[in-house]
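Novice: First the structure, then my questions, so here it is.
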Amino acid sequence: MRPALRQERIVPAAALVLVVVAFVLTPLGTGLPLTTFDVYNALQGFAQIGLLALAVGLTMIAGEFDLSVVGTYAVGGMIAVQAGQSSAVLGLLVAVAVGAAVGAVQGALIAWLRVPSVPVTLAAYIALLGLAYAISGGLSVTFTNRAATLWVDHTIAGVFSPRSLVTLAASCSWRSCSAAPGSVRNCARSAATAGPAGSPVSGSNAS
Amino acid sequence: MMSLLASPPAAAARVRRARPGSLAVALAVLVVVLLPVAVTTERFLTLGNARAILASAALVGITAIGATLVMIAGSAVSMAASQTATVVAMVFLATLDQGLLVATLLALLGGVVLTAVQGLAVGYWEANPIVLTIAAGFAIGGGAIWFSGGTPVSAASGGYDVLNATPLGLPLAVYVLLVLAVLAEWILRRTTAGRQLYLVGENRAAARAAGLPVGRVTVVAWAFFGLCLAVTGVFLAAFNTSATTNLAGTLTLDAIAAVLVGGTAIAGGKGSALRTLGGAVLISVISDVLLLRGYSTGVQILVKGILVLAVVVLVHVRGRR
């Protein structure tokens, strides 16, 4: 138990340190000094996939696998644009509500009917891609609210933007939640020790 | 291994009975719903449309037949199908100047080796197939970009036209699909290797305890899948006459959808190649009806996803009883 736990912390920490070191050393390869914009840009890239990775990670810790995140992401974006033409906040709220509903329906099938997560989320992924395609007519949809688009990416303290700050905040709050008693992580642990393993494709088999 | 200790698992006898009753009921319901809609659709009941349905099911179907064996063997799904078929198509086109036979053999070899290696990691080292194949998909897709330099790979010479032949008005790929489906079904039902596939998929630990070569059985399933992927890639290459990095499109998802609609259980141990064939044709028929009735591509994909979800839930709920 103890060495496994330590490995669980050391490997991601080492990966993070490695990435930061590589980032700091990039001037050696490019011959150009690092600027605050480089840091801002790197954080924007992090924000691009950070929330998606959190979503997949959450399901993996619960011993399942969500293949539908990219579908939910696409539909969420479409809805935020369609519903947010008059008010960006309204679009955001509708998109988040739809995303939560999409996840809850899949979660209900997986938890209550005990259908394996891979085929459920795969089918949902196909359906959601179709839905995103149907909403947009296969074309890219432009968000006309320029003020909101600019606000999301405007620089704060040189290196941050609302986009990257939201992702960082979500990562940090998720980190503290998952350590709390009754969290997904602990539920998955007790489930793993209590009963026989469920599906052969469960995401995170430590041993 | 320790074959002295373990008696043949009792599961062996019932594994191959896959509850045809409940699925037949589900199929009947579907036909009752689909049939009136289909026959009242203009131009549905024409020979040309029947050909179009089979032709559009052919390439996805060939890949799905291979994916069926992987799923039955308990290796769930491969997320690297599109990338593998694309690389195979590029190899085929680039080596065509060596002659059609050499190019085809090299392409088949490439597909089998690339995929069997993944089967090796799953079968012997218990790698999680989904995580592994997502990673492999990135690596193979990167290989495709490297191989092609990011530009379309065009045929090194002609000679592939024979693959685009349409004997009796049907593309050659349709006949290959039928042959592969029958071959896969025969392997599954009538050979020792096929029976072992079901046993390994049903209960890996028990299969290992019974002395079955779990690793080898898994690799054989993946190698067959690689063969099917390579055949798909060769037909894709011949049909498009050049290969770009996104040649195979949504092949990965479409093939898995066909396997799941055919009623094969994701956990393994149950399923059949002929039912996958049925799944591929069913998806093709539904897309065709929606297309003829003027629905958009998005709606076709949406309905496909809902169909897969419905079948998955149904198969699971029925399977638990």
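The values are calculated or read from the model by the stated rules, or taken from the named source; none is laboratory data. Because the structure is predicted, anything quoted here is derived from the model rather than measured. Cβ: placed from backbone, ideal geometry, glycine included. Neighbour counts: every protein chain shown.
Novice: Kindly check whether there is at least one residue in the stretch B:110-124 that is outside any helix (DSSP H, G or I) and surrounded by fewer than 24 Cβ atoms within 10 Å (Cβ to Cβ).
Specialist: No, every residue in the stretch B:110-124 fails to be outside any helix (DSSP H, G or I) and surrounded by fewer than 24 Cβ atoms within 10 Å (Cβ to Cβ).
Novice: Name the residues in the stretch A:121-136 that are of a type in the set (Gly, Ala, Ser) and more than 7 Å from chain B (Cβ to nearest Cβ), would you?
Specialist: A:132, A:136
Novice: So, one more: Looking at (1) at pLDDT below 85; (2) within 14 Å of chain B (Cβ to nearest Cβ); (3) under 17 Å from the mean Cα position of the chain (by Cα), which one does residue A:177 not meet, given that it meets all the others?
Specialist: (2)
Novice: Continuing with this model, one more query. Given the residues B:181, B:173, which is the only one that is hydrophobic (A, V, I, L, M, F, W, C), in contact with a Ser or Thr (Cβ under 8 Å, 6 or more places away or on another chain) and either exposed (fewer than 14 other Cβ atoms within 10 Å of the Cβ) or part of a helix (DSSP H, G or I) (or both)?
Specialist: B:181
Novice: For the stretch A:65-82, does any single residue satisfy the condition of being buried (at least 20 other Cβ atoms within 10 Å of the Cβ), within 9 Å of chain B (Cβ to nearest Cβ), closer than 26 Å to residue A:152 by Cα and touching a residue at least 12 places away in the same chain (Cβ under 8 Å)?
Specialist: So far as the stretch A:65-82 goes, yes, one or more of its residues are buried (at least 20 other Cβ atoms within 10 Å of the Cβ), within 9 Å of chain B (Cβ to nearest Cβ), closer than 26 Å to residue A:152 by Cα and touching a residue at least 12 places away in the same chain (Cβ under 8 Å).
Novice: Looking only at the stretch B:125-151, count every residue that is assigned to a helix (DSSP H, G or I), under 23 Å from the mean Cα position of the chain (by Cα) and within 14 Å of another protein chain (Cβ to nearest Cβ) and tell me the total.
Specialist: Total satisfying the criteria: 9.
Novice: Regarding the stretch B:282-299, can at least one residue be identified that is of a type in the set (D, E, K, R) and within 28 Å of residue A:139 (Cβ to Cβ)?
Specialist: The answer is yes, given that some residue of the stretch B:282-299 is of a type in the set (D, E, K, R) and within 28 Å of residue A:139 (Cβ to Cβ).
Novice: Can you pull out the residues in the stretch A:24-54 that are in contact (Cβ under 8 Å) with a residue 24 or more places away in the chain and surrounded by 12 or more Cβ atoms within 10 Å (Cβ to Cβ)?
Specialist: Those that are in contact (Cβ under 8 Å) with a residue 24 or more places away in the chain and surrounded by 12 or more Cβ atoms within 10 Å (Cβ to Cβ): A:39, A:40, A:43, A:44, A:46, A:47, A:50, A:51, A:54.
Novice: Quickly run through the stretch A:96-143 and pick out the residues that are polar (S, T, N, Q) and closer than 23 Å to residue B:300 by Cβ.
Specialist: Listed by number, the residues that qualify are A:106, A:121, A:136, A:140.
Novice: Taking residue B:70 as meeting all but one of (1) within 14 Å of chain A (Cβ to nearest Cβ); (2) under 13 Å from the mean Cα position of the chain (by Cα); (3) farther than 19 Å from residue B:275 by Cα, write down the number of the exception.
Specialist: Of (1) within 14 Å of chain A (Cβ to nearest Cβ); (2) under 13 Å from the mean Cα position of the chain (by Cα); (3) farther than 19 Å from residue B:275 by Cα, only one is false for residue B:70: (3).
Novice: Looking only at the stretch A:101-121, decide whether some residue is of a type in the set (Val, Ile, Thr) and over 21 Å from the mean Cα position of the chain (by Cα).
Specialist: Looking through the stretch A:101-121, at least one residue is of a type in the set (Val, Ile, Thr) and over 21 Å from the mean Cα position of the chain (by Cα).
Novice: List pairs: first residue in the stretch B:110-137 and more than 20 Å from residue A:118 (Cα to Cα), second residue buried (at least 19 other Cβ atoms within 10 Å of the Cβ) and aromatic (Phe, Trp, Tyr) anywhere in the structure, Cβ distance under 8 angstrom, at least six positions apart or on different chains.
Specialist: B:115/B:222; B:115/B:225; B:116/B:222; B:120/B:222
Novice: Now, a different point. I'd like to check something: does the stretch B:54-76 contain any residue that is hydrophobic (A, V, I, L, M, F, W, C), assigned to a loop (DSSP other than H, G, I, E, B) and modelled with pLDDT of 80 or more?
Specialist: Yes, there is a match, as at least one residue in the stretch B:54-76 is hydrophobic (A, V, I, L, M, F, W, C), assigned to a loop (DSSP other than H, G, I, E, B) and modelled with pLDDT of 80 or more.
Novice: Let me ask you something else. Quick one: is residue B:162 modelled with pLDDT under 90, over 25 Å from residue B:57 (Cα atoms) and of a type outside the set (Asp, Glu)?
Specialist: no
Novice: State the number of residues belonging to the stretch B:153-181 that are free of Cβ contacts under 8 Å to residues at least 40 places away in the same chain and β-branched (Val, Ile, Thr).
Specialist: Residues in the stretch B:153-181 being free of Cβ contacts under 8 Å to residues at least 40 places away in the same chain and β-branched (Val, Ile, Thr): 2 in total.
Novice: Among the candidates A:118, A:159, single out the residue that is within 14 Å of another protein chain (Cβ to nearest Cβ), β-branched (Val, Ile, Thr), surrounded by 14 or more Cβ atoms within 10 Å (Cβ to Cβ) and touching a residue at least 60 places away in the same chain (Cβ under 8 Å).
Specialist: The conditions single out A:118.
Novice: Do any helices (runs of 4 or more DSSP H) lying entirely in the stretch A:1-111 carry at least 3 residues that are more than 29 Å from residue A:121 (Cα to Cα), and which ones are they?
Specialist: A:2-30, A:36-61
Novice: Residue B:280: among the hydrophobic types (A, V, I, L, M, F, W, C) and at pLDDT 90 or above, yes or no?
Specialist: yes
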